[in-house]
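First, the structure itself, so that you have it in front of you.
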Amino acid sequence: MEWVKDKRLVMKTSLGKEGRILMVLCLMGHLAAAQRERVFAALDKYSCHAGDTVRFKSMVFRGDRPSFLSTSLYCQLYRLDGSVAAEGMFSVAKGLSVGQLVLPDSLSTATYILAAYTLQQLGYDSLKVFSAPLIVYNRDKPGRATHRVREDTAARFASGATGNLTWIAVL
């Protein structure tokens with residue numbers, strides 16, 4: 001018998017060589033899943049007028065540390081019907097990105113969703129991108145900001161990939 005130690009796992013095993021190889025492969029798969037990139041963005045405002053500029057600072061993590069893999073961050077502003085209202089691409093250096101998204105003057109009063117992601121995130125089956133509600137007001141195009149939870153199973157991204165988005169629209 002021998003002891004196998006990992007940061008998250010301590011167990012006693014009496015497995016042969018094949019069992020140890022299988023256990024190492026399982027641990028490698030677990031660690032690979034933990035190494036996917038995640039994006040978090042801090043916006044300067046969550047409600048604004050059409051034509052305003054929304055500034056943000058985003059952090060790209062891989063596991064619990066800054067990621068050095070991706071060099072581009074993609075941001076898109078979605079209407080609640082899933083169409084893209086505005087988009088932008090920003091550089092990432094040492095896991096940090098700073099940018100601004102200028103909202104079109106033609107936006108009507110409604111709740112929009114700002115999504116931020118990297119291309120490395122799009123390479124996995126379960127797509128979990130950063131998303132935040134953004135309420136836009138426009139006197140010239142009155143509308144209504146809605147209160148609902150929506151899951152879009154066919155969200156289309158700038159790269160042409162599709163994936164699942166879940167967002168909460170609040171006022």
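How much accessible surface does Glu87 have with a 1.4 Å probe, in Å² rounded to 10?
110 Å²
In vacuum, with every alpha carbon of the range 33-108 counted as one equal point scatterer, what does the Debye formula give for log10 I(q)/I(0) at q = 0.11, 0.20, 0.22, 0.23 Å⁻¹? Two decimals, please.
Values returned for q = 0.11, 0.20, 0.22, 0.23 Å⁻¹ are -0.32, -0.88, -0.99, -1.04.
Just to be sure I understand the model, the point goes 7 Å from the Cα along the line to the Cβ. What's the resulting Phe61 to Gln35 distance in nm?
Once both label points are built, they end up 1.8 nm from each other.
Please tell me the relative contact order of the range 44-136 in percent, rounded to the nearest whole number, where contacts are Cα pairs under 8 Å and at least six residues apart. Display every interim value, and only then the final one.
Details: 187 pairs, mean separation 31.5, N = 93.
Relative contact order, the range 44-136: 34 percent.
The values are calculated or read from the model by the stated rules, or taken from the named source; none is laboratory data. All values reported here derive from a predicted model rather than from experimental measurement. All Cβ positions, glycine included, derive from the backbone under ideal geometry; neighbour counts span all protein chains shown. Calculation scope for accessible area: heavy atoms of the full protein, side chains included, ligands and nucleic acids excluded. Shrake-Rupley method; radii C 1.70, N 1.55, O 1.52, S 1.80 Å.
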